[in-house]
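In what follows, a structure is listed as structure tokens, so that the remarks can point back to it.
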Amino acid sequence: MGRRRVPDLYRAPFPLYTIKVDPKTGLVITAGGGGASKTGIKNAMHFLDLQLVGEQQYSASLLHAHDTDTRATMNLAVGDGVIAAGQDGSCSLMRFRHSSQREEDSAAAKQAGNSEGKARRRGGKGDRRGQDEAAASGDKSDTKDETSHISVTPLAEVQSDLNPKDPLQKVVRFSPDLSLLLTGGSDGHIRVWEFPSLKKKYDFKAHEGEIEDLDMSPGNKHLVTVGRDFSCSVWSGSQLAMGLNWLETTPQIAEKSYRYMACRFGKVEDQKDSLRLYTVQIPHKRDRKPPPCYLTKWDGKSFLPMLTAPCGSEVISSLAVSDSGTFLGLGTVTGSVAIYIAFSLQKLYYVQESHGIVVTDLAFLPDSLKGKDIRGNNETAMLSVAVDSRCQIHTVPNRRSFPIWLVLFCCGLMVVGVVLLLQYLFPGFI
């Protein structure tokens, strides 16, 4: 039996490093490029329109390509119509606006109507013919096709990494309430800006060496950072609150044989006040017989480890958590993609080498986009991008289930059947 294959949703003319879904506009935003080297590979940010075809299939079309000149976008965050893009050692902020041709024509017609109204008030009844023509023109504009238009406007740029050798922003996040912009770079510093004023709030050395990942808890209470120095730290403001130790759940593993690679907070379905933190640990050194990587689930408030489970011997390269906190997504350096159940850390979906090379980013689809059901008959759907320039979508179809009334009815029939059988075998039983 051949390997399972996932068809490409979209293919860009350059390597893809990051992908995000904006629930407000319904846009899929992906970016990458060839960098400053003169290889002829472009650097750009692509805005895609994602559509559900039928109940389980998807299609994507390019709406707009934003050229980023000589800098490739390595990571990005999206919030309230603003993109924060990591480009070399800087974080570039830009505002994007999504509108349809019909909206633009309606606005133009309204403005023209206001101008003509003023002219009619000055000209009297002699302009009745012009009024009729304007009305006809307005009707015609309202029936034009609804071609989408996206405009991108630069806002500001901040220096997010000061490594003297090769400055590189490794990660960027907006806080859950969009009041803060957080970055981590190759110089080991965490930098926090107030948003949208971009007044710097914190700048502190969090790790020796590169920052691998960071995430902020709801309410901006705790910041969790992951570095290449084997540590995963919890911060309150700029003060270290504690360091995490996943080996408490696996004492048989030697220290410094693994390092943290990623961290994400996640909700707990049907438990409003609960919070979880998920981390990925990968082997520090690669052996001929590769050891497994591990997923750890932590209590998101006490930061005590709850569960650790192996997640395969392919080295993990990316982590994502669904909006509901029900699913975890993993990508690997060999191009494989997997979806896990967050509660049990059990593998639900797996495609080996779905991409030809490193999976650079993952993004789950929200439950709805612009008020429309986008999941269809799928329990979840997740986007993946890789250095092979491909964007794919991975779906888990809804599992068949029986209504509770049918289950109860069948149980009742079984009870009645048992009673009748006993009565038949033992007359006078009842």
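The values are calculated or read from the model by the stated rules, or taken from the named source; none is laboratory data. Remember, it's a predicted structure, so these values are computed and weren't measured experimentally. With ideal geometry, Cβ positions are generated from the backbone for all residues, glycine too; neighbour counts draw on all protein chains shown. Surface areas here come from the heavy atoms of the whole protein model, side chains and all, with no ligands, DNA or RNA. Shrake-Rupley method; radii C 1.70, N 1.55, O 1.52, S 1.80 Å.
Descriptive notes on the structure:
- Asn75 long-range amide H proximity, modeled H, under 5 Å: Gly86
- Backbone amide hydrogens, once placed in the peptide plane, bring Tyr258 within less than 5 Å of His284, excluding anything fewer than 5 places away on its chain.
- Per-residue surface analysis assigns Arg264 an accessible area of about 50 Å², computed on protein heavy atoms at 1.4 Å probe radius.
- The stretch 225-232 - phi-based ³J(HN,Hα) in whole Hz, Karplus 6.51/-1.76/1.60, Gly and Pro as x: 10, 10, x, 6, 8, 6, 10, 10
- In a fully extended conformation the segment linking Asp299 and Met242 would gain 19.1 nm over its present Cα-Cα distance, using 0.36 nm per residue.
- Projected-area mean, the stretch 314-395, by convex hull of Cα positions, square nanometres: 5.2 nm²
- Set Lys201/Lys272; Lys20/Lys165; Lys272/Lys301; Lys221/Lys301 screened for pairs whose C-alpha atoms are more than 19 Å apart: Lys201/Lys272; Lys20/Lys165
- The alpha carbon gyration tensor of the stretch 235-358 gives principal lengths a ≥ b ≥ c with a/c of 1.5 or higher and a/b no greater than b/c, which makes the shape oblate.
- Using a cutoff of 8 angstrom between alpha carbon atoms and counting only pairs six or more residues apart, the relative contact order for the stretch 292-345 works out to 26 percent.
- Whole-Å distance, taken between Cα centres, linking the stretch 320-336 and the stretch 183-257: 20 Å
- Virtual spin-label span in nm between Val53 and Lys205, 7 Å along Cα→Cβ: 5.4 nm
- Taking a ≥ b ≥ c as the square roots of the eigenvalues of the alpha-carbon gyration tensor, the stretch 162-256 is classed oblate because a/c is 1.5 or more while a/b is no larger than b/c.
- Each peptide in 75-85, 201-211, 251-261 gets a packing score, the mean of other Cβ atoms within 10 Å over its residues, and the list from highest to lowest is 75-85, 201-211, 251-261.
- Using a Förster distance of 25 Å, the FRET efficiency for Arg97-Asp367 (Cβ separation, nearest 0.05): 0.55
- Once backbone amide H atoms are built at 1.01 Å from N, Ser313 has Cys293 as its partners under 5 Å, excluding neighbours fewer than 5 places away on the same chain.
- Taking the average, over residues, of other Cβ atoms within 10 Å as the packing measure, peptides 187-194, 62-69 rank 187-194, 62-69 from highest down.
- A simple rule links phi to the HN-Hα coupling: the Karplus curve 6.51 cos²θ - 1.76 cosθ + 1.60 with θ = phi - 60°, which for the stretch 280-287 gives 10, 10, 10, x, 6, 10, 8, 9 Hz, with x for Gly and Pro.
- The label-point distance for Val419 and Arg5, in a model that sets each label 7 Å from Cα toward Cβ, rounds to 5.9 nm.
- Prolate/oblate/rounded label for the stretch 1-67 (Cα gyration tensor, a/c 1.5): oblate
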